[in-house]
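Only one structure is covered here, and it is reproduced in the block below.
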Amino acid sequence: MTDRVVVAGAVLDEGRLLAARRSAPPELAGRWELPGGKLEQGETPPQALVRELREELGVETEPGERIPGEWPLAPGYVLQVWTARLVSGEPRPLEDHDELRWLYRHELDTVDWLDQDRPAVAEAARHLPGG
Ligand code: DCM
C-alpha cells in the first residue's frame, strides 16, 4: 500500500523560515512544525499545501521546489516538504497552532521542532541566507 502524504511548507520570507507551534493533539501540542496537513482526494501536494496554509494561517502562498527527502510519520503517512513564498497576507495562527515565529538561519534551533520535521528543517535551512 502506498503511504498517504502529509505536505508541509517551508515558508520563506525576507530571509527567514516560518515555524508554527501546534496546539493539538495533546501529544504534539507545544512542539514546532512546518505548517501543512494531509492531502485531500484528488489534490497534488502543492495544491494541498496552498489550501492548508490558507486555512491554517490565512495567507496566500506560491509553492516552490520540493525539499529532497521523505520522512515517516504515523504508520501509513509520510511527510513531504515544499518551499513556499508568501504572496499576500500576514500569517496568523487561525487553526491547529497557537504561536508563529519567523526564524533566521541562526535561530532555527531555538524552538523544539517535532522530531520528524527536524531533517526537513535542516534541508530548508539551505534556502536561507547566511551560515
Ligand atoms: N505533521 C507532522 N509535521 C508537519 C505537519 C504535520 O508531523 N510539519 C503530522 C501531524 C499529524 C499529521 O501530520 O499527525 C497531520 O497533520 P495535521 O493534523 O496538521 O493535518
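Quick look at the numbers
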item	result
For Leu49: the one exception among (1) assigned to a strand (DSSP E or B); (2) within 13 Å of the ligand (Cβ to nearest atom); (3) not β-branched (Val, Ile, Thr)	(1)
Set Pro45, Pro93, Pro75: member being of a type outside the set (Val, Ile, Thr) and modelled with pLDDT under 95	Pro75
Scope region 52-71; condition on the phi > 0 side of the Ramachandran plot and either away from the ligand (no atom under 14 Å from the Cβ) or within 12 Å of the chain's Cα centre (by Cα) (or both); matching residues	Gly58
Count of residues meeting criterion [closer than 16 Å to Glu55 by Cβ, assigned to a strand (DSSP E or B) and either more than 10 Å from the ligand (Cβ to nearest atom) or open to solvent by less than 40 Å² (accessible area, probe 1.4 Å) (or both)] in region 12-23	2
Residue count, region 66-108 (criterion: under 16 Å from Gly15 (Cα atoms) and either in contact with a Ser or Thr (Cβ under 9 Å, 6 or more places away or on another chain) or part of a helix (DSSP H, G or I) (or both))	10
Test for Pro35: is it within 12 Å of the ligand (Cβ to nearest atom), closer than 14 Å to Gly9 by Cβ and modelled with pLDDT of 95 or more	yes
Checklist (1) surrounded by 14 or more Cβ atoms within 10 Å (Cβ to Cβ); (2) within 10 Å of the ligand (Cβ to nearest atom) applied to Ala74, failing item	(1)
Failed item in (1) of a type in the set (Ser, Thr, Tyr); (2) away from the ligand (no atom under 13 Å from the Cβ); (3) in contact (Cβ under 8 Å) with a residue 40 or more places away in the chain; (4) open to solvent by 30 Å² or more (accessible area, probe 1.4 Å), with Thr44 passing the rest	(3)
Of the criteria (1) part of a strand (DSSP E or B); (2) away from the ligand (no atom under 11 Å from the Cβ), which one Gly9 fails	(2)
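Residues are listed down the side, and each one gets a yes or a no for (1) away from the ligand (no atom under 11 Å from the Cβ); (2) over 30 Å from Met1 (Cβ atoms); (3) more than 14 Å from the chain's Cα centre (by Cα); (4) open to solvent by 70 Å² or more (accessible area, probe 1.4 Å):
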position	(1), (2), (3), (4)
Pro25	no, no, yes, no
Arg31	no, no, no, no
Leu108	yes, yes, no, no
Gln116	no, no, no, no
Glu123	yes, no, no, no
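The values are calculated or read from the model by the stated rules, or taken from the named source; none is laboratory data. Note that the structure is a prediction, hence the values are computed from the model and not measured. So basically every Cβ, Gly included, is an ideal-geometry build from the backbone, and we count neighbours across all protein chains shown. Note: accessible area is taken over every heavy atom of the protein model, side chains too, but ligands, DNA and RNA are not part of it. Shrake-Rupley method; radii C 1.70, N 1.55, O 1.52, S 1.80 Å.
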